[in-house]
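The values are calculated or read from the model by the stated rules, or taken from the named source; none is laboratory data. All values derive from a computational prediction rather than experimental measurement. In this analysis, Cβ positions are derived from the backbone assuming ideal geometry, glycine residues included, and neighbour counts consider all displayed protein chains. SASA here: full protein model, heavy atoms, side chains in, ligands and nucleic acids out. Shrake-Rupley method; radii C 1.70, N 1.55, O 1.52, S 1.80 Å.
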Amino acid sequence: MKNLLLLRHAKSSWKDDSLNDHERPLKKRGRKDAKRIAKEILENDLIPDIILSSSAVRARETVEVMIENLDSDIETIFSRELYMAEPEEFFEILSTMLNLHQTIMIVGHNPGLEAFLQILGGEIEALPTAGLAHLVLPIDDWCDISFETVGVLAGFWTAKGLEKKDK
């Protein structure tokens, strides 16, 4: 069994319209939401062995806030391939991962990340910004992941849901 964490980047800023989409940073709220999600990861003992992230600024900043708050040195790979990736790219990248990684986190974007979650989870879930899904996959080796793989949605958290819990 392998664990896959799918995290949509936190809330980004549209303030500077001179920036292209890839360069948009996080909003202040996005940083706060990423911190909340990191706390939930700690509480559920889901610290990933490796993080695969889109190279977009908002995804990179989400990862930076997460790692800061997880207080852990996690290997991270930033890839342009994961920027606006579709399910095919996620399957392809995961199938090349080393088997020693028990838990992998992907930080990416909709609609591709949400579509990937729906394929693997068998359930339709909206994946809002700073939304985190934990899937348990019935595979022993990452090279076995495919469109036929159906995992179990073991956990699902949203920044809004966690904000209500904190009050």
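Between amide H atoms placed 1.01 Å from N, distances below 5 Å from LYS11 occur with GLY30, ALA130, all of them 5 or more places distant or on a separate chain. For a 21 Å ceiling on Cα separation, which of these pairs sit above it: LYS11/LYS39; LYS2/LYS35; LYS11/LYS35; LYS27/LYS160? Among LYS11/LYS39; LYS2/LYS35; LYS11/LYS35; LYS27/LYS160, the Cα-Cα distance tops 21 Å for LYS2/LYS35. The angle between the Cα long axis of helix 112-121 and the main principal axis of the chain comes to about 40°, on a 0 to 90 degree scale. The spacing between segment 1-76 and segment 119-165, judged by their C-alpha centroids, is 16 Å. What's the local net charge at LEU127, with K and R +1, D and E -1, over the other residues with C-beta under 12 Å away? With Lys, Arg at +1 and Asp, Glu at -1, the net is -2. Averaged per residue, segment 39-96 has 49 square angstrom of accessible surface, using a 1.4 angstrom probe with ligands and nucleic acids left out. The sum of -39500 (n - 2.57) across all DSSP H runs of n ≥ 4, divided by the residue count of the chain, sets its helix-only mean residue ellipticity at 222 nm to -10000 deg cm²/dmol.
What a 1.4 Å probe finds exposed on the chain is 50% carbon and sulfur by accessible area, rounded to a whole percent.
In the chain, the DSSP beta bridges split such that about 45 percent are antiparallel, to the nearest 5. In segment 97-118, which residues have a backbone nitrogen under 11 Å from the label point lying 7 Å from GLU86's Cα in the Cα-to-Cβ direction? Answer for this model: 112.
A simple count of charges around GLY108, restricted to other residues whose Cβ falls under 11 Å of its Cβ and scoring Lys, Arg +1 and Asp, Glu -1, yields -2. Computed from phi, the 3J(HN,Hα) profile of segment 19-35 under the Karplus parametrisation 6.51, -1.76, 1.60 (θ = phi - 60°) reads 7, 7, 4, 4, 9, 5, x, 6, 7, 4, 4, x, 5, 5, 5, 4, 5 Hz, with x in place of Gly and Pro. Against the chain, whose longest principal axis is taken from its Cα atoms, helix 57-70 shows a tilt of about 80°. Its relative contact order, with pairs defined as Cα atoms under 8 Å and 6+ residues apart, puts the chain at 32 percent.
Spin-label model, HIS22/LEU100: points 7 Å from Cα along the beta carbon direction are separated by 3.2 nm. Between the amide H of LYS2 and those of LEU137, ILE139, distances stay under 5 Å, these residues lying 5 or more places away or on another chain, with hydrogens modeled in the peptide plane.
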